[in-house]
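Below is one structure, written out as structure tokens, with a few remarks after it.
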Amino acid sequence: MRLRRADKLLAPCPRPKLVQRCFQQEEIVPLQTASKEKTTSAFLCWLQSLGPLTLVVYSDGSLSSEGAASYGFTIHQNNIPIFNGSGRLGPAKVFDAEAAGALEGLKAALNLRESATQNIYICLDNLAAATCLRGTPSDSSQDVFLAFQALATSHGAIQVSWVPGHSDIPGNEQADKLAKAASSFPEPEGAQPTLAYLRRFARQKSKETFEAWWSASAPEQYKRLNLKATTSCPPELSLPRAALHHLLAARSLHGDFAAYHERFDHVDARLICL
């Protein structure tokens with residue numbers, strides 16, 4: 001019943017498929033092998049070593065304070081931007097926007113005349129999204145990851161790289177600005193929410209429902225003390241047992257029960273709680 005009630009609260013989303021885990025025949029170099037500072041320095045040096053016709057796609061995702069998810073990408077050749085793009089998603093999270101930005105950037109790069117015979121590098125600053133782009137797709141935005149992998153396989157000379165964000169890497173900074181600007185675009189008509197968005201929404205809705213129930217059902221003495229309830233472990237349980245005893249007694253307006261004092265012959269006890 002609880003699952004049915006939850007299902008009625010949530011909008012439909014693309015149902016992920018059960019896909020087999022991806023295993024590479026050759027050992028893959030980890031996306032991050034050093035600190036952010038060292039990776040930035042190494043990446044800038046690597047850029048200088050690329051051939052003048054190599055295409056480097058920088059992509060990024062963004063989530064505005066109003067909850068608008070958007071993406072941006074810029075394509076560089078010989079360290080010069082030659083094509084930009086951006087867009088807005090429906091209800092989604094940053095992770096989904098990162099995936100969409102990488103896919104749209106790859107599509108744009110493949111549409112360029114010089115892409116057929118050139119290496120293409122997809123560079124993004126979200127480690128989780130980059131991992132899914134070249135490995136097993138996540139449940140959220142699964143169709144986007146699968147589409148990216150299909151295009152990458154058909155071209156055959158595409159690699160995914162992680163770049164540190166906010167490290168003054170020109171291409172990454174440009175993609176970041178494009179993604180943020182795209183949050184002002186209108187939301188696409190008929191866009192379904194992503195699974196990551198629905199998971200977050202369900203958790204938030206459950207929290208709000210519980211808080212509303214507590215506000216209406218809390219004992220009066222708890223309301224006077226402005227005590228909040230939580231579905232997780234309350235911090236009071238970390239108190240020493242003796243201190244917790246006195247705290248609960250004060251909150252509930254109960255002292256020690258009469259049976260306790262009578263059992264230990266406490267002649268001076270106030271037997272007000274039976």
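Compute the FRET efficiency between E114 and A150 as 1/(1 + (r/R0)^6), taking r as their Cβ-Cβ distance and R0 = 22 Å, and round to the nearest 0.05.
0.55
Using the C-alpha gyration tensor of the chain, what are the square roots of 5 times its eigenvalues, in whole angstrom, with the largest one first? Walk me through the numbers on the way to the answer.
On the way: eigenvalues 604, 96, 62 Å².
The equivalent ellipsoid of the chain has semi-axes of 55, 22, 18 Å.
Give me the angle, in degrees from 0 to 90, between the Cα long axis of helix 142-155 and the longest principal axis of the Cα atoms of the chain, rounded to the nearest 10.
Tilt relative to the chain: about 20 degrees.
Whole angstrom only: what separates the Cα centroid of the range 26-54 from the Cα centroid of the range 145-164?
About 16 Å separates the Cα centre of the range 26-54 from the one of the range 145-164.
Starting from the 7 Å offset along Cα-to-Cβ, what nm value, one decimal, do you get for the label separation of A128 and A258?
The modelled label-to-label distance comes out at 5.7 nm.
Return a whole-number percent for the relative contact order of the range 233-274, with Cα pairs under 8 Å and 6 or more residues apart as the contact set.
Contact order relative to length: 31 percent.
Give me the percent of Cα-Cα pairs in the range 233-274 that sit more than 15 Å apart, rounded to a whole number.
Beyond 15 Å sits 51 percent of the P(r) for the range 233-274.
Using the basic label-point model (7 angstrom from Cα toward the beta carbon), what is the L239 to N84 distance in nanometres?
Result: 5.8 nm between the two label points.
Using a Förster radius of 45 Å, what is the FRET efficiency between S184 and L225 based on their Cβ-Cβ separation? Nearest 0.05, please.
E between S184 and L225, to the nearest 0.05, is 0.50.
My understanding is that a pair violates if its Cα-Cα distance is over 20 Å; which of K38/K177; K207/K228; K8/K207 do that in this structure?
Cα-Cα > 20 Å for K38/K177; rest within.
Full extension from L53 to K107: what is 0.36 nm times the residue separation minus their Cα-Cα distance, to one decimal in nm?
Extra length from L53 to K107 when fully extended: 17.7 nm.
Within 10 Å, at most 15 other Cβ atoms, and a DSSP state outside H, G, I, E, B define an exposed site. Report the longest part of the chain free of exposed GluC sites (Glu not before Pro).
So the longest stretch without any such site is 67-188.
Just the number, please: Stokes-Einstein D of the range 196-274 in µm²/s, Kirkwood Rh from C-alpha pairs, 10 °C, 1.306 mPa s. Write down the numbers at each step before the final one.
Details: Rh = 15.6 Å.
Answer from the Stokes-Einstein relation: 102 µm²/s.
Quick one: which of 194-207, 49-62 comes out on top by average Cβ neighbours within 10 Å, and what's the full order, highest first?
Values: 194-207: 16.6, 49-62: 21.4.
Ranking, from highest mean packing down: 49-62, 194-207.
For the range 102-227, what is the convex hull volume of its Cα atoms per residue in Å³?
Values: hull volume 23.6 nm³, N = 126.
Dividing the Cα hull volume of the range 102-227 by its residues yields 187 Å³.
Please grab the % of Cα pairs in the range 34-193 that end up more than 19 Å from each other.
51 percent
What does DSSP give for the chain in terms of the percent of beta bridges that are antiparallel, rounded to the nearest 5?
Rounded to the nearest five, the antiparallel share is 65 percent.
No value in this document is a laboratory result; all are computed from the given coordinates. All of these numbers come straight from a predicted model, not from anything done at the bench. Cβ: placed from backbone, ideal geometry, glycine included. Neighbour counts: every protein chain shown.
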